[in-house]
1. Taking the residues in region 68-88 that are charged (D, E, K, R) and open to solvent by 80 Å² or more (accessible area, probe 1.4 Å) as candidates, determine which candidate is modelled with the highest pLDDT.
2. For L265, indicate whether it is within 20 Å of I86 (Cβ to Cβ) and at pLDDT below 95.
3. Identify the single condition in (1) assigned to a helix (DSSP H, G or I); (2) open to solvent by less than 30 Å² (accessible area, probe 1.4 Å) that L201 does not satisfy, given that it satisfies every other one.
4. Got a number for residues in region 178-193 being closer than 10 Å to L213 by Cβ and either free of Cβ contacts under 8 Å to residues at least 12 places away in the same chain or assigned to a helix (DSSP H, G or I) (or both)?
5. If I go through region 204-227 residue by residue, how many of them are among the hydrophobic types (A, V, I, L, M, F, W, C) and exposed (fewer than 15 other Cβ atoms within 10 Å of the Cβ)?
Amino acid sequence: MVGSRRMKAQTFAERRGKSFSRSWSDPTPIKPDSLHDSRDSGDLQSSCGTLDEAVCDETLDWEEERELERVACEGDDFIPPKIMLISSKVPKAEYIPNIIRRDDPSIIPILYDHEHATFDDILEEIDKKLTAYRRGCKIWKMLIFCQGGPGHLYLLKNKVATFAKVEKEEDMSQFWRRLSRFMSKLNPEPNLIHIMGCYVLGNPNGEKLFQKLKNLMRPYSIAFESPLELSAQGKEMIEMYFDFRLFRLWKTRQHSKLFDFDDLL
């Protein structure tokens, strides 16, 4: 699960292992001055590298980036990816990756830890999943399955997205700006983000929130939808990502303590 304590502990252990990879019995002497100089040189090269990358990113205009995406996604067999973000706060969320459509390999589920994950964790995982699917490809459709309610999204612990908080909290606004960089420039229609698990449009603040998010994600063209699951639009949304029969069965057992995954199969 993305952002879980266990995953972070493993990542830290790997970093620590690499930092101590040089054998203690290595007789090669290291002069303090040369160590200091090499460290300064490394820091300088790293800084220059980061600066150069930033300059390169800025010089790539929209059409050039669009062309790079087009080249990356060539081929009749290419299906634009659909990213599915699943919050662990959703009851029985751990079963959701098992009820997605099995006839659509473009659906990429990402289950993240609501309590411990960060926005950076989520964005890094999206980047990894897209690269594994097809290097250079971008998102055309996305589902965010989380808790919330009229006018708000409960994305992470202590991170409730409302139209006012998204504007005031820098880390939250940066999340949506950075997320937009993963959206397609090739899609002739607005890239679609579905919100599921809550009815954001239950009051006027929901529409204000969606409009604010669209503004943050410009110049990318984004459409937000949050239909009621029992409506015709809701059924269409569910069928886009899920095996409808399995989804209905999961839904009936979502709050049951006697949930048996074998029943889903």
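The values are calculated or read from the model by the stated rules, or taken from the named source; none is laboratory data. Source: prediction; values computed, not measured. For neighbour counting, all protein chains shown are included, and Cβ atoms are generated from backbone atoms with ideal geometry for every residue, glycine included. Ligands, DNA and RNA are stripped out before the accessible areas are found, and what is left, the full protein with its side chains, is counted by its heavy atoms. Shrake-Rupley method; radii C 1.70, N 1.55, O 1.52, S 1.80 Å.
1. R70
2. Yes; evaluated as a whole, the condition is true for this residue.
3. (2)
4. Residues flagged as closer than 10 Å to L213 by Cβ and either free of Cβ contacts under 8 Å to residues at least 12 places away in the same chain or assigned to a helix (DSSP H, G or I) (or both) within region 178-193 amount to 2.
5. Adding up the residues that qualify gives 1.
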